[in-house]
1. More than 14 Å from chain B (Cβ to nearest Cβ) and touching a residue at least 24 places away in the same chain (Cβ under 8 Å) - does that describe any residue in segment C:252-273?
2. For A:ALA192, state whether it is touching a residue at least 40 places away in the same chain (Cβ under 8 Å), out of contact with any Asp or Glu (no Cβ under 7 Å at 6 or more places or on another chain), of a type in the set (Gly, Ala, Ser) and within 14 Å of chain B (Cβ to nearest Cβ).
3. How many of the residues making up segment B:56-112 are more than 30 Å from A:GLY84 (Cβ to Cβ), under 18 Å from the mean Cα position of the chain (by Cα) and hydrophobic (A, V, I, L, M, F, W, C)?
4. C:ILE98 versus (1) touching a residue at least 40 places away in the same chain (Cβ under 8 Å); (2) closer than 27 Å to A:SER80 by Cβ; (3) more than 7 Å from every other protein chain (Cβ to nearest Cβ): which is the lone unmet condition?
5. Looking at segment A:28-52, I want the residues that are closer than 18 Å to A:VAL194 by Cα and have a partner that is at pLDDT 90 or above with Cβ atoms under 6 Å, at least 6 apart or on another chain. Which pairs are those?
6. Mind listing whichever residues of segment C:157-178 are within 14 Å of C:ILE234 (Cβ to Cβ) and touching a residue at least 60 places away in the same chain (Cβ under 8 Å)?
7. Can you tell me which residue is farthest from B:GLY59 (Cα to Cα) among those in segment B:69-107 that are among the acidic types (Asp, Glu) and at the interface with chain A (Cβ under 10 Å from one of its Cβ atoms)?
8. Tell me, yes or no, whether segment C:247-258 has at least one residue that is in a helix (DSSP H, G or I), of a type in the set (Gly, Ala, Ser) and buried (at least 23 other Cβ atoms within 10 Å of the Cβ).
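The values are calculated or read from the model by the stated rules, or taken from the named source; none is laboratory data. It should be emphasised that the depicted structure is a prediction, and the values quoted were computed from it without experimental measurement. Methodologically, a virtual Cβ is constructed for each residue, glycine included, from the backbone with ideal geometry; neighbour enumeration extends over all protein chains shown.
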Amino acid sequence: MRFKFPFVMDCGIFTTSYKEDMAVLYAPAAKIKVAAIIALFLVFPLLVNDYFTSVANLVAIAVIGALGLNILTGFTGQISIGHGAFMGVGAYTVGVLTTKLGLSFWAALPLAGFMAAMVGAVFGIPSLRLKGLYLAIATLAAQVIIEYTIIHWTGLTGGSAGIVIQPPKIGSISLAKDKEFYYFAFLLTLVAVVATVNLFRSRVGRAFMAVRDRDLAASVMGINLLQYKVMAFGLSAFYAGIAGALLAGYQRVITPENFTVDVSIQYLAMIIIGGLGSVMGSIYGAVFIILMPIGIRAAAGFVGTFFPDIQNLLLAAQTGFFGLIVILFLIFEPEGLAKLWNDVKNYFRLWPFSY
Amino acid sequence: MRYKGFWVVLLCICLAVTLVAAGCGKKETATEPAGTEAPKEPVKIGGIFDITGATGDVGAPYAEGAKAYVDYINSKGGVNGREVKLIDIDYAYDKTKALEAYNRLVKQDKVVAILGWGTGDTEALKQIIATDKIPYISGSYSEGLLDINVCPYNFLVAASYSDQARTALKWAKDNWKGTGKPKVAFVYNDTPFGKSPVADAKKYATDNGFEVVNDEVVDLKALDATTQILDLKKNKADFAIVQGTSNLASIVLKDAKKNGLATKFIGLNWAADEKIVKLAGDAAEGYIGVVPFAFPYEDVAGMAAIKEYLASKGQKIEDKNQKFVQGWASTMVMCEGVKLAGDNVTGEAIKSGLESLAAFDTGGLSNAVTFTATSHRGSEKVRLAEVKSGKFEYLTDWIGYK
Amino acid sequence: MLVQLLVTGLVVGSIYALVALGFVLIYKASDCINFAQGEFLLVGAYVSLWMITSYHIPFLAAIFLTLCISLLLGILVERLVLRPFIGEPVISVIMATIGLSSLMRGIIQLLWGTETRIFPNIFPQTPVTFGGVVVSQVYLWSLGLAILLLIFFSLFFKFTTTGIVMRAVADDQQAALSMGISVKKTFAITWAIAALVAAVGGILLGNINGVNSSLAHLGLKVLPVAILGGLDSIPGAILGGFIIGVLENLAGGYLDPYFGGGVKEVMPFVILVVILLIRPYGLFGKEIIERV
């Protein structure tokens, strides 16, 4: 599968070996542009104020979570309405390990991923027999049961009051401030994106896609369905666990209300709007969903300077807007922002001499 | 179809770009006066309210009250001759949005203090608030926010939920006419808000000659509480402390009446307002509410200002409810802190301003508020009121449990 | 205590059954689950309340008008939102109805605000006692209605042409089309009926504890009921409602002391997982045999 990069025109590229064909950065321009984009992200917090950096932090967390859900739902075809709960497992693992066992945040972070992966894999087992809607509801059950456990296992989780953790530190640099945290979150997000891109160049990733396209056919081709479905659930929950742990490190207070079913639905909306089965789509979707309320607020403020009455109306309609945008995307562009971006790019690819 | 779809979404994107542009444009105009250091620059206070979310039915009047007070004080010349600007965001009871809204207010709009709302989000923000040094008064009176070492910037204008429960228990004990140890049960919902006072109240109850019989968890959206009521009946609870919303309390009261339960129910702040009488009807008779803020129909000194303000807007006090008063009084305390901070309005100055409040009188809208450097427990006192023929009537004056 | 718990479970279960029926009706004809079912309830409750309190329309007339409006709403929603999703993958349909639920909630809030509104007393408030067991009258009505609707829809799907057409469409859309059946028209009818059933449920619910937007969450709570009975079985929905109602009350009554409360809320989901592991298509659902 050739990975589609944003901003890179890939016309006139010919490969003469399999190695060249498989390269992620297949075009010379891609290398330059990817480097430029990374450099842009690195200087980003220096150019804007703390607020935009904090938004970027939330986006980074959402991107990791959305990538995880896209691996499961977009690439493997298994619906999950329990993603928020898996994030909660990750966050609470960090909370418990750092406060009760005195581990550092850095040791707890990967463990949070593994813990979430284990829980995710357990709830993935029914996926062998359940399909479509029934599976969706089974993951909803996972969400409810995990939430219940978190709230009621007060000895471990602090119940509904939650856990307070210390800000993560690198040496003597505390990550309590937005700028410092940004670099850390950006690095993790970059690793997550590269790992996901590479996953779908491997046997495991292709097996996931085979399962999505037709699971019976995949099993005829020698793919062990149980193993791969459970693996997809585990991997997806791993990402969720890391995202949850990051959120815990950023907010420094872990409460069950951060991981409700609404969060799960928000993540589903991200990958739908971004594009199912697209790595870049997960990123676009996360950015879109996090920025949408901010955009609506700005618009309301802007309109409000002329028509004060409409401002309140617009703000009240936030929930409605969310629904409307999801529906419009599903009807008019089911492949999401990623497809849209490619369309725009394709238009300009041979511009001005198309046709 | 495909073709049409492309253009529709392109339109959406153009719209989004315009929105962002509009947002940026607004930002520039907002920050400009900040740089010029005009002497009468307004004091910016943030508001994170729930107007359209799950708790919107009480959150909206609370926010309205807060905005009304700011409007009122500006019409009287502001605080220390400065205008107060309340920049509010409706976070729709969504915890992730609360964090974003907080960042926006503090890092973009540069507010110096915040009026907040729910227990879950206030608890979730307490660490960040302490780092950013932003005084925070919220609609939540959770005991967990009083730990001065963890939350040095959270202020509670009314008695904490734990204190409310303790006072209710003390009253119950003092008015207990039966023999033996009175039995008390706790009815609450499974959220940070619901569970907040339970552990403290249980400890107080066992220490003070109560027999704690059982916990009943009722969901905020429950349709029926029969199992919980039967359990209360089985355990012969004499009193039950209810921590939840009016909707929850109403379900409990109705099922209690249906099952002929003799238990006396005592509801804390959010479970004791005018709505409970409308929702539960007859079943609310004899229900006792712990009331930390005045009802709009009360004749207290502070109500005059509200009436005056409403009259100037062509509104009537009869249309407002207790949550409006609550929002008004909370903002009043915040503005007093700003006033005492003097000309140097920073988060730290407002904190020390608030901490120098000694028996600040809200004109009877709430009990007098006192903060010190070691305690942000604004008050310990509440009034208890009983529902008699469809209206809360006070049983006590302001009382505490000590 | 046991008897009281059983009876309470049964009558609360009848409310679940009524709501679950809406899910099943839609699934039966169009293979899609409606996450916005809760919002349809809300519309029913608000519209009838608005007519009764603002226009003082007599109760029965108001109910009739509400049902008509719900019918129209169902058709409208099907035409505008759901029709493009015929034949799309399950996740698109799920997300579309989740989006629909947000959209409807937003519109409802714009129209009626967020405050809790109180229904005028339609049903007598005095509970009825049967040999020591106490039941509110609203619940008796809902029990009666659930049973009535069960009988009605069972007969409807068995004997009427429309019912048979709906089953045919659910079974195989291509085949139904080739027999001259209008699939679109059938879907419209289905949504209209589902909205109607939801409105009935909404009116009953509004009478229990007033109306505000949190009522819509019942939709999510009732999903296990529909799944438990099997998404395409009407007796399954009704029985599932009763089973979940009774089991959650028994669990609440007997297990709460051991788990620190709240078992009632999580119980339906635990039962659901167990049942799904044994019977992946619910108790009465139609098993789909897959061929490569």
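1. Step one: filter segment C:252-273 for residues more than 14 Å from chain B (Cβ to nearest Cβ), giving C:270-273.
Checking which are touching a residue at least 24 places away in the same chain (Cβ under 8 Å) leaves us with C:271-272.
Yes - at least one qualifying residue is present in segment C:252-273.
2. For A:ALA192, the condition - touching a residue at least 40 places away in the same chain (Cβ under 8 Å), out of contact with any Asp or Glu (no Cβ under 7 Å at 6 or more places or on another chain), of a type in the set (Gly, Ala, Ser) and within 14 Å of chain B (Cβ to nearest Cβ) - is not met.
3. 4
4. Unmet condition: (3).
5. Cβ pairs passing all conditions: A:PHE41/A:PHE186.
6. Matches in segment C:157-178: C:PHE157, C:MET166, C:ARG167, C:ALA170.
7. B:GLU100
8. Yes, that holds for at least one residue.
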